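Values quoted throughout were computed directly from the atomic coordinates according to the rules given, and no laboratory measurement underlies them. Fair warning: this is a prediction, and the values are worked out from it, not measured in the lab. Here the Cβ is made from the backbone with ideal geometry for all residues, glycine too, and neighbour counts use every protein chain on show.
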Amino acid sequence: MTEIERLRADVLQLTQEKQQLEVYKQMNQLMQRGLHVMLSLSNPHDMFIRFFALLAEVIPFHRASILLIEADRVQLMACTEDCAAIPPAQQQQLLAMLPKTQMNVADLTKVVGWPGYSGGSCQGMSSMLVQPFNTEGSAYCLMLGHRQQAAFSAGQAKLVGEFVAFAASTLDRIEAKHLRQETELLKARQQRMEESLIQSEKMASLGQLAAGVAHELNNPLGYILSNISTFKSYVTTYQRLIQCYQKLNTLNVDTEAYQQQQTELAEIYKSEDIGYMLQDSIELVNDSMEGAIRLRDIINSLRRFSHPDRGQLEIVSVNEILESTVKIIWSEIKNKTTVRYALAAEPLFVLANPSQLSQVFLNMLMNAAQAMSGVVGKIELSTFAEADHAVIKISDNGQGIPDAIISRIFDPFFTTKDVGKGTGLGLSLSKAIIDQHHGTVSVSSKIAVGTTFEIRLPLQQAS
């Protein structure tokens with residue numbers, strides 16, 4: 001090979017490489033701008049119209065359209081001109097004619113059937129570049145038409161194929177992202193609805209308990225006020241005594257005034273029975289302290305129970321939540337049943353929302369109390385550890401649940417109570433709460449013997 005031939009070969013190679021680099025440059029620009037279009041637009045029609053504008057900058061064509069391919073029909077999604085909808089008969093014709101892979105038709109007049117398609121890109125076109133592509137959920141076909149024959153080169157066809165493949169892949173990722181966002185929105189909406197239902201059920205429960213809770217608050221408050229009134233009269237006597245002692249301290253022992261003051265002190269001790277008064281004062285203070293502690297416990301239990309949920313989970317003692325819940329419901333059940341505890345000697349800690357867990361216990365305790373009919377009611381609350389779970393059992397000696405309905409008691413809105421006496425949400429919400437806490441709840445029952453609810457929650461180490 002001569003030097004001139006070698007130079008010619010080098011120039012040819014450089015020219016080909018330059019052409020290839022131009023193709024890569026065009027492709028990169030198309031991808032970048034196409035990505036911007038897909039990220040900025042959510043409407044498919046607008047997105048496809050922008051794609052046509054991008055392609056027109058690097059590939060000359062006279063008409064472009066996008067078809068949506070379905071099992072039994074073809075829909076026109078977008079077109080660079082005002083194209084009519086595809087008639088049903090031509091849809092079936094297109095379904096049979098559209099290729100599965102790219103097709104570069106140099107002369108449409110030589111392809112049987114294509115000129116008959118007058119609804120889109122074929123009308124008045126001499127050559128056609130057909131590029132099918134698929135996303136995760138749909139099948140499409142890009143059709144570019146030109147009035148000249150053999151208008152699309154192999155390089156242009158390759159560029160269209162690569163761009164469409166990139167666009168389809170990116171659309172998949174965007175659709176997946178949108179799907180995840182919609183799923184998160186649906187989950188958040190569902191969580192808000194569940195929280196609203198739980199809070200509504202709490203308020204309904206408190207409404208049922210209101211009169212009894214008021215009575216439970218009024219009892220200790222009543223004797224605290226009575227004790228304070230009695231103690232107030234004692235304080236008046238104590239003031240007289242102190243004043244006498246203060247006056248006595250200023251007098252000379254040998255004077256008649258001193259003797260008179262001592263006589264007055266003796267009369268006060270005798271008439272007021274100071275010994276009894278001192279002993280009774282101690283009892284009044286102790287009784288008032290006991291009543292105040294009971295008020296504090298009831299109010300704290302109500303506050304924890306009725307506080308709107310914020311979704312916080314914390315390490316809590318199952319025994320403490322159970323005992324606190326009994327204090328809330330005690331006014332409602334104390335005349336119907338007795339409550340016996342068989343709690344684990346060691347605290348059982350679980351990761352839970354304390355307010356929601358209290359709601360579960362309250363629902364089951366109320367159901368147990370309402371199951372008593374014509375019998376001396378007995379409710380037994382037991383807790384123990386089994387393997388890596390805390391087990392809570394709530395048992396009653398009520399009338400039991402018939403086998404025909406026991407499988408439905410956790411269904412939403414299912415209730416055997418009279419209209420207006422139950423929403424049918426208590427047990428279904430209880431199960432939903434336990435499920436959210438990665439636990440389980442089950443029930444066993446025997447007619448005329450009683451019912452036992454068993455809750456299992458994963459144990460946690462105390463923080």
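Quick notes on this one:
- Put a dot 7 Å past the Cα of Glu136, heading toward its Cβ, do the same for Thr415, and the two dots end up 4.2 nm apart.
- The distance linking the stretch 316-380 with the stretch 229-264 is 55 Å (Cα centroid to Cα centroid, whole angstrom).
- A Förster distance of 41 Å, applied to the separation of the beta-carbon atoms of Ser373 and Asp273, puts the FRET efficiency at 0.20.
- Residue-span extension gain [Tyr238 to Gln123] - 0.36 nm each, minus C-alpha spacing: 30.0 nm
- Estimated inter-spin distance, Leu251 and Leu313, nm [label 7 Å along Cα→Cβ]: 7.7 nm
- Theoretical FRET efficiency, 1/(1+(r/R0)^6), r = Cβ-Cβ of Gln436 and Ala89, R0 41 Å, to 0.05: 0.15
- Highest mean packing comes first when the peptides 356-367, 395-406 are listed by Cβ atoms within 10 Å, giving 356-367, 395-406.
- Relative contact order of the stretch 310-463, pairs being alpha-carbon contacts under 8 Å that are 6 or more residues apart, as %: 26 percent
- Stretch gain in nm, segment Gln149-Lys100, where the contour uses 0.36 nm per residue and the Cα spacing is subtracted: 15.4 nm
- Each of Lys334 and Thr109 was given a label point 7 Å from its Cα along the Cα-to-Cβ line. The distance between the two points is 10.3 nm.
- Ranked by the mean number of other Cβ atoms within 10 Å per residue, highest first, peptides 277-287, 153-163 order as 153-163, 277-287.
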